[in-house]
1. Within the stretch 121-173, which residues are among the small types (Gly, Ala, Ser), out of contact with any strand residue (DSSP E or B) (no Cβ under 8 Å at 6 or more places or on another chain) and under 17 Å from residue 184 (Cβ atoms)?
2. Test of understanding: among 128, 100, 124, which residue is among the acidic types (Asp, Glu) and closer than 25 Å to residue 65 by Cα?
3. Of 85, 67, 50, 60, which residue is outside the structural domain of residue 178 (by TED's automatic domain parsing), surrounded by 13 or more Cβ atoms within 10 Å (Cβ to Cβ) and out of contact with any helix residue (DSSP H, G or I) (no Cβ under 8 Å at 6 or more places or on another chain)?
4. Which of the residues that make up the stretch 19-47 are hydroxyl-bearing (Ser, Thr, Tyr) and in contact with a helix residue (DSSP H, G or I) (Cβ under 6 Å, 6 or more places away or on another chain)?
5. Among the numbered criteria (1) crowded, with 17+ Cβ neighbours inside 10 Å; (2) within 25 Å of residue 56 (Cα to Cα), which single criterion is violated by residue 158?
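The values are calculated or read from the model by the stated rules, or taken from the named source; none is laboratory data. Values in this document were obtained by computation on a predicted structure and should not be read as measured data. Neighbour counts are summed over all protein chains in view; Cβ atoms, including those assigned to glycine, are modelled from backbone coordinates with ideal geometry.
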Amino acid sequence: MLATRALRPLASLATRRPLSQLVVSVVGPDRGGLVSSVTRAIAAHDGNVVESSSFSIGPVFSMAMLVEAGADQHAALTSAVQSAVPGHSVSAHEAEECVEAPAFAAALDVSCADGVGLIARVTEFVAEEGLSLSKLETKTEGAPHGGTQLFSLSGVMLSKDRVNEAKLARGFKDLELEMGVNIDMCVYDEAEAVKMAA
């Protein structure tokens, strides 16, 4: 059953990002000491890891870091990270100077029996509504008493524009009936929306 919770409207806010920030991503085979190798290479170029997120899917490890360093050190820092983990894919992108707080932010949770095309259909609907997914996590697990595989999706939807929440809720309700799934949407208040955009 679709449930919605509307909170106070969002103000027009902005989260400032220094020009000397860099987003560094590392993807490759998991192994011991990987994070140590990466962070030592960053520290050697006077870089400071401000924020990071990492996870493993099967044998593959993925890590993303927001690094603060001198603007003239970005290229050398990226090269040093690649040298530290030669068997991994390393990419780096300049962080934006200013990231605007969204006009709309909401948590999305979907649960149902597992099946082909579930992620594709849900994310297609989100895109059709003009929303982006800033975070997305999916998983499958066995039902408590065996047999059916259960699917769950959790994400955060953002929009820089105002959203007709009643229309969006109706659309998710139609999607529930079409797909035979349970969908829950929770609209964030201003403070939480800023955190989701950061």
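1. Correct list: 166, 171.
2. 100
3. Residue meeting the stated conditions: 50.
4. 20, 37
5. Single failed check for residue 158: (2).
Rundown of residues vs (1) at pLDDT 90 or above; (2) touching an Asp or Glu at 6+ places or on another chain (Cβ under 6 Å), yes/no style:
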residue	(1), (2)
3	no, yes
10	no, yes
16	no, no
31	yes, no
40	yes, no
49	yes, no
53	yes, no
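Okay, residues lined up against (1) over 30 Å from residue 152 (Cα atoms); (2) without any contact (Cβ under 8 Å) to a residue 24 or more places away in the chain; (3) touching an Asp or Glu at 6+ places or on another chain (Cβ under 7 Å):
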position	(1), (2), (3)
59	no, no, yes
62	no, no, no
75	yes, yes, no
109	no, no, yes
122	no, no, no
